[in-house]
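Undergrad: Have a look at the structure that comes next, please.
Every number in this text was worked out from the coordinates using simple rules, so none of it is lab data. None of these values were measured; they are calculated from a predicted model.
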Amino acid sequence: SDLRDLYQQVIMDHKKNPRNFREITDANHMAHGNNPLCGDALVVYVKLNGEIIEDVSFQGSGCAISVASASLMTETLKGKTLEEAQTLYDNVHRALTGEEEGGELAGKLEVLGGVKEFPARVKCATLSWHTVHAAVDNDHDISITTE
Ligand code: FES
Ligand code: FES
């Protein structure tokens, strides 16, 4: 469909030009996320100011899906409150696991290679979301693997 083509363009753009692909030197939260299936690894940096995600970024190497998803994640969460971020994690999780529609963001993520039909690709698309979740929940650098 046209919508699917549009989403595919968004994904390619985020893969080629990842947003917020940088270290945050004064980050107060960070986490390492690993996908043991492929060995891809991302670091997510978060600067929390009270309840607000003032800045969020990532670095590392991954497949097109994990990089585009991480880029979308940073764009989406920047400036959000922790409560808003929690709602977004839940929506992304539900949409990617096929439990229900998750809105426009989830629509973009779904196109990350038709992830729902390929469980291994779901792990690529959720890697950065699990990692940022672990980062904000912990006040030390934490290392997680995709479930
Ligand atoms: Fe599903 Fe993290 S995205 S639990
Ligand atoms: Fe490694 Fe996608 S193949 S995260």
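Undergrad: Taking 8 Å as the Cα distance limit and 6 or more residues as the minimum spacing, I'd like the relative contact order of the chain as a percentage.
TA: Numbers: 280 pairs, mean separation 45.7, N = 147.
Reported as a whole number, the value is 31 percent.
Undergrad: Check cross-link reach from Lys47 to the lysines: straight Cα distance under 27 Å, and skip same-chain residues fewer than eight apart.
TA: Partners found: Lys15, Lys16, Lys78, Lys80, Lys108, Lys123.
Undergrad: A further question follows. Just the ratio, please: alpha-carbon radius of gyration of region 2-145 over 2.2 N^0.38 Å, N its number of residues. Provide the component values of the computation, followed by the final result.
TA: Numbers: Rg = 13.9 Å, N = 144, 2.2 N^0.38 = 14.5 Å.
Expressed relative to 2.2 N^0.38 Å, the Cα Rg reads 0.96.
Undergrad: Extension gain Thr87-Ile142, at 0.36 nm per residue separation less the Cα-Cα distance, in nm? Don't skip to the end; give the middle numbers.
TA: On the way: separation 55, 0.36 × 55 = 19.80 nm, distance 2.21 nm.
Gain on extension, Thr87 to Ile142, equals 17.6 nm.
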